[in-house]
Amino acid sequence: PAEKAILGSLLYDPESVDSIIKSLTREDFYFTLHRLAFDALVNLAIGDPASVTKITVADRLEPYADQFPEKSARRFLNLLPAGNMQGLSYHIEIIHRLSVQRRLARHCQEIVERCFDDHKEDLSHFLGEAEERIFSISRYVREDTYYDPAILVQEVADSLEKRYVRAHTPGVPSLSGMPSGFPKLDEQSRGFQPGDLIIVAGRPSMGKTSFILTIADYVAGPEVITPEEGQWPVAIFSMEMSASQLETRLLSHAAGIPYGVLDMGTYTDAQANNLHNAQVAYRDRPIYIDDTPALTILDMRARARRMKREQDIHVVFVDYLQLMNGNKRTRENRVQEVTEISSGLKAMARELEVPVICLSQLNRQVEGRPDKRPMMSDLRESGSIEQDADMVLFLYRDEIYNPTSPAKGFCELIISKHRNGPTGMIPLRFVGDTMRFLPHAGAMPSSEDDTYFGDGHAAS
């Protein structure tokens, strides 16, 4: 009855088409005949509501006449009830709810069938895919696709007022997003925003993993504890290094013991005391590490979704993009696979409403240039990485190529793309012993480095 009521509304009140197609598609109708009639009525009503009559609709349905009772589409239309606007929303809700339930039942049935399938498949991948299929049902819950201007303006005004108060309150950071621990970067980025995909790229040995560990440690540390939210939990997906290696790096900096000394176990009794204090401090630091190798974007999104639900993570770090896998259909085309991964990371950031900071390798063509500072075109197997990213950061340490460089112990953090702010170069200190980046208030030691990227310019 509900499906026929909607078709009757379209037939007798074609102006209702906008309200109906905002919430329903042909796939929401259970009966094939109703889908055919819906298509014909909608196409006519969108083009010219005045053209909708039983004759014109029957003409549109003539190729499918054999499927209608008594092979007459006209007779089918004659039996449709005259719709009314009062009951329209009620019938839309019924059709939509039943459609979602059918999708859910179909997905569940397919999952059950696969559970009893003799074919062996990776359990974690199967669980991630099953969770994704169930979660995808929520995408069929249709809401208005546009905002009421009065409501939108008020929401933005409230947000701007909070930023104003924060900016004019002494001692309160004026950032609108997540801090990084690097004042100059925070000033230019205004903090990493929820829903943003930030790519951090560089050639091997530039310190990419150390850079994100420095940020993760700061975000989860006592400096960022707020009265409203407490600590900020972070998630790290490490496909290159083990969780124990990453934790050792964190303890190395916290204890002030060179990483190599910790790795070899040659630290002194005094250093052992510092290490013990660091271990005690880090037991309660909310840094959650998943070191499963070669994750697919589907697996990662499922795991990150659970971390968000269970630990309320505020940011996701990924080390690194090129070690991830796409689905089986895209693995024969690496560029297409990387495109799927980067767009999936961006979708994950928006779904979880957290920044996603992902490491990426660069092409070797960098090595062939006299100036080895990276550019956007150097992103390896770029696909849509540049397009999907809201911010692209490059790390460049001149000492890697020039051992006698005056910039030894320093790093250029190059903001090459920033969708909502300026680009530019930010100097950082790099402490090799503890593999840690530190803020640097002055300019780079080399005047050539100082003038390479300037102080920042507006993003195009």
- Query: To the nearest 0.05, what FRET efficiency results for residue 187 and residue 322 with a Förster distance of 35 Å applied to their C-beta separation?
  - Reply: 0.70
- Item | Å² per residue, accessible surface of the range 180-219 at 1.4 Å | 25
- Message: If the only charges are +1 at each Lys and Arg Cβ and -1 at each Asp and Glu Cβ, what is the size of the charge dipole of the chain around the Cα centre, to the nearest 20 debye?
- Response: 520
- Query: If you take the charge dipole of the chain about its Cα centre, with +1 on Lys and Arg Cβ and -1 on Asp and Glu Cβ, which of 88, 130, 428 is farthest toward its positive end?
  - Reply: 88
- Note on the structure: Taking a ≥ b ≥ c as the square roots of the Cα gyration tensor eigenvalues, with a/c under 1.5 meaning rounded and otherwise prolate when a/b beats b/c or oblate if not, the range 49-109 comes out oblate
- Would you work out if the range 331-398 is rounded, prolate or oblate? Take a ≥ b ≥ c from the square roots of the eigenvalues of the alpha-carbon gyration tensor; rounded if a/c is under 1.5, else prolate when a/b is larger than b/c, oblate otherwise. oblate
- Task: Would you please put 101-107, 73-79, 250-256, 433-439 in order of how densely packed they are, using the mean number of other Cβ atoms within 10 angstrom per residue and starting with the highest?
- Result: 250-256, 433-439, 73-79, 101-107
- Task: Evaluate the charge dipole of the range 338-407 about its Cα centre and quote only its size in Debye, nearest 20, assuming +1 on the Cβ of each Lys and Arg and -1 on the Cβ of each Asp and Glu.
- Result: 220
- Rounded, prolate or oblate: which fits the range 196-269, taking a ≥ b ≥ c as square roots of the Cα gyration tensor eigenvalues, rounded meaning a/c under 1.5, else prolate when a/b beats b/c? oblate
- Using only alpha carbon positions, build the gyration tensor of the chain, then give the equivalent ellipsoid semi-axes as the square roots of 5 times its eigenvalues, largest first, whole angstrom. 54, 25, 22
- Query: Using 1/(1 + (r/R0)^6) with R0 = 45 angstrom and r between the beta carbons of residue 205 and residue 168, what's the FRET efficiency to the nearest 0.05?
  - Reply: 0.55
- State the percentage of accessible surface on the chain attributable to carbon and sulfur atoms; use a 1.4 Å probe and exclude ligands, DNA and RNA. 52
- Message: Cut-off under 27 Å on the C-alpha distance; same-chain residues fewer than 8 positions from residue 184 excluded. Which lysines are left, in chain and number order?
- Response: 162, 208, 346, 372, 408, 417
- Can you give the angle from 0 to 90° between the axis of helix 2-12 and the longest principal axis of the chain, with both taken from C-alpha atoms, to the nearest 10? 70
- Item | Most to least packed among 128-134, 63-69, 263-269 [average Cβ atoms within 10 Å] | 128-134, 63-69, 263-269
- Message: Within 11 Å, Cβ to Cβ, of residue 285, how many net charges do the neighbouring residues add up to if Lys/Arg are +1 and Asp/Glu are -1?
- Response: -2
- Between the Cα axis of helix 334-352 and the main Cα principal axis of the chain, the angle (0 to 90°, nearest 10) is 80
- Simple spin-label model, 7 Å along Cα-to-Cβ: residue 309 to residue 102 in nm? 2.7
- Message: Tell me the mean residue ellipticity at 222 nm calculated for the chain from its helices only (DSSP H runs of n ≥ 4, each -39500 (n - 2.57), averaged over every residue, nearest 500).
- Response: -14000 deg cm²/dmol
- Helix 208-219 axis, angle to the chain major axis (alpha carbon atoms, nearest 10°): 80
- Neighbour cut-off at most 15 other Cβ (10 Å), DSSP loop, trypsin sites (Lys or Arg not before Pro), the range 204-303: 283
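The values are calculated or read from the model by the stated rules, or taken from the named source; none is laboratory data. Bear in mind the structure is a predicted one, so any value in this text is a computation, not a measurement. Quick reminder, even Gly has a Cβ in these numbers, built from the backbone with ideal geometry, and neighbours come from all protein chains shown. Side chains are part of the model used for accessible areas, which takes the heavy atoms of the whole protein and leaves out ligands, DNA and RNA. Shrake-Rupley method; radii C 1.70, N 1.55, O 1.52, S 1.80 Å.
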